[in-house]
Amino acid sequence: MNNEKYYITKQSLLLFVVCLFMPYIFASIALAISITAFLTESFMLKEIKFEKSHLVFSSLIMMFIANMLYFGFDSKVLEKLLRIVPILFFPILFFNVQLNSKELNRILDFFLGSLIMFCVFSIGYVSINYWLTETREHLLTLEKTILVGQVYISRVFEFHTPYLSFYLLTGCIICYHKAFRQKKYIYMFCLLLVFMLYFTGRTSLFLALLLFVLLLKSFFKSTKKAVILLTCIVFFIGYACYNFPMLNEKTMRVFEKGFGVYQRYYYLEAAFIAVKENIILGLGLVNYQVELSKFLPNGVIANTHNQYLEFFVSTGLFGLVTYLYLKFEILKKAIVQRPRTLLIFIIFFSLAELTEALLYRQRGIMLFAFITSLLFYSNLTEKKVYSYRNNV
């Protein structure tokens with residue numbers, strides 16, 4: 001029997017990482033297994049520790065509960081409350097488990113491996129079954145795929161492309177950190193960029209390119225060679241945007257009325273009109289979508305495609321400030337950390353939230369809670385041991 005502390009919990013985390021890319025229910029089951037394993041091993045060790053930062057992570061849950069008590073709630077709001085439990089659970093888990101650098105990097109490698117396997121499977125599954133059909137309209141009549149963001153994905157997973165694109169961006173951030181140690185992660189970074197092109201991730205793709213520029217700057221002694229390589233990549237992306245129908249359509253719709261920038265503007269305008277009489281507390285989690293839809297041209301809304309606006313409309317300034325306070329505390333820790341992987345992740349996540357409500361769905365919450373807590377409480381310190389500067 002392995003005598004290592006929290007051994008079962010650590011293995012359950014690997015299971016959780018794999019389940020992040022499976023249908024929703026699998027991630028929930030894996031989370032329940034991790035919670036059970038952690039509580040059981042903590043009981044056997046007769047110890048479970050807490051610290052002040054846990055109160056910071058719990059602030060979002062307490063804000064949800066306060067909003068529910070004031071405005072009332074239904075089954076959907078209760079589901080939202082349960083959905084954000086990982087934001088408190090993972091900080092407590094990682095603070096107690098205290099992963100070392102080797103264990104942490106194993107989890108990050110597991111994430112990268114699972115991400116690449118999922119992308120390969122998704123592209124392969126669609127290509128085998130549907131790329132031979134003559135028209136895109138015919139694809140809509142088939143039952144095994146679903147059209148999400150101009151890209152066809154297996155209906156089994158229903159992985160919305162903005163979320164998948166940010167998962168890919170997270171993979172790029174991990175590769176950026178690991179590329180200073182092993183050359184293979186540079187090639188893996190490039191592969192993730194190609195996947196991001198296929199899944200039409202606009203905001204995430206732009207942020208990934210910024211990160212890639214930083215990577216080139218760190219590795220290449222010759223600025224000329226770095227610029228040439230970057231130019232080739234930008235040319236390839238431009239060529240793909242022009243020739244790949246799904247990506248071309250989504251790119252062209254950025255400034256089309258009813259889509260992209262215009263759609264976000266409609267949500268922003270409607271939000272300020274809707275909450276002007278209750279700016280402090282918002283419209284309430286239970287009915288904000290109904291109230292907000294009254295001020296939209298088509299009268300239909302799932303979410304505002306902006307996480308800050310989502311909190312502002314549903315929970316008012318009280319909820320928005322609570323969320324910003326959580327981000328501020330994470331940033332404070334990230335600024336003094338070495339390497340700056342957490343800092344890059346939280347900045348990019350915050351920027352991506354300007355165009356997508358990433359915490360609206362389970363996949364976004366799971367990723368945010370898991371990666372943030374993992375990097376916040378674990379030791380990721382590694383020395384820079386590889387560089388192109390001596391060779392290029």
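The values are calculated or read from the model by the stated rules, or taken from the named source; none is laboratory data. Keep in mind that what you see is a predicted model, and the values were worked out from it rather than measured. Using ideal geometry, Cβ is built from the backbone for each residue, glycine included, and neighbour counts are taken over all protein chains shown. In case anyone asks, the SASA skips ligands and DNA or RNA and just uses the protein heavy atoms, side chains included. Shrake-Rupley method; radii C 1.70, N 1.55, O 1.52, S 1.80 Å.
For LEU99, which of the numbered conditions (1) assigned to a helix (DSSP H, G or I); (2) surrounded by 15 or more Cβ atoms within 10 Å (Cβ to Cβ) fails to hold?
(1)
Looking at THR231, is it polar (S, T, N, Q), assigned to a helix (DSSP H, G or I) and modelled with pLDDT under 75?
So THR231 fails the test.
Out of (1) surrounded by 19 or more Cβ atoms within 10 Å (Cβ to Cβ); (2) more than 22 Å from PHE166 (Cα to Cα), the odd one out for GLY72 is which?
Unmet condition: (1).
Failed condition for VAL151, given (1) of a type outside the set (Lys, Arg); (2) modelled with pLDDT of 65 or more; (3) buried (at least 18 other Cβ atoms within 10 Å of the Cβ), with all others met?
The failed condition is (2).
So the check is Cβ under 6 Å with 6+ separation or different chains; which pairs have a first residue in the range 354-371 that's over 18 Å from ARG264 (Cα atoms) and touching a residue at least 24 places away in the same chain (Cβ under 8 Å) and a second one that's of a type in the set (Val, Ile, Thr) and outside any loop (DSSP other than H, G, I, E, B)?
Sorted first by the residue in the range 354-371, then by its partner, the pairs are ALA369/ILE87.
Considering only residues that are β-branched (Val, Ile, Thr) and within 14 Å of the chain's Cα centre (by Cα), which ones fall in the range 333-353?
Within the range 333-353, ILE344, ILE346, ILE347 qualify.
Could you check the range 37-52 and list, in sequence order, the residues that are open to solvent by 20 Å² or more (accessible area, probe 1.4 Å), in contact (Cβ under 8 Å) with a residue 24 or more places away in the chain and assigned to a helix (DSSP H, G or I)?
Hits for the range 37-52 are THR40, GLU41, LEU45.
Any residue at all in the range 208-224 that's at pLDDT 75 or above, of a type in the set (A, V, I, L, M) and within 18 Å of PRO23 (Cβ to Cβ)?
So far as the range 208-224 goes, no, none of its residues is at pLDDT 75 or above, of a type in the set (A, V, I, L, M) and within 18 Å of PRO23 (Cβ to Cβ).
Could you figure out which of (1) open to solvent by less than 10 Å² (accessible area, probe 1.4 Å); (2) closer than 27 Å to LEU211 by Cα; (3) in a loop (DSSP other than H, G, I, E, B) isn't true of LEU342?
Only one criterion in (1) open to solvent by less than 10 Å² (accessible area, probe 1.4 Å); (2) closer than 27 Å to LEU211 by Cα; (3) in a loop (DSSP other than H, G, I, E, B) is unmet by LEU342, namely (3).
Any residue at all in the range 371-380 that is touching a helix residue (DSSP H, G or I) at 6+ places or on another chain (Cβ under 6 Å), at pLDDT 80 or above and not in a helix (DSSP H, G or I)?
yes
Condition first: at pLDDT 85 or above and hydroxyl-bearing (Ser, Thr, Tyr). Can you find one or more residues in the range 309-320 that meet it?
yes
Open to solvent by 60 Å² or more (accessible area, probe 1.4 Å), in contact (Cβ under 8 Å) with a residue 40 or more places away in the chain and of a type outside the set (A, V, I, L, M, F, W, C): does that describe ASN67? Reasoning before the result, please.
Working: open to solvent by 60 Å² or more (accessible area, probe 1.4 Å): no; in contact (Cβ under 8 Å) with a residue 40 or more places away in the chain: yes; of a type outside the set (A, V, I, L, M, F, W, C): yes.
In short, no.
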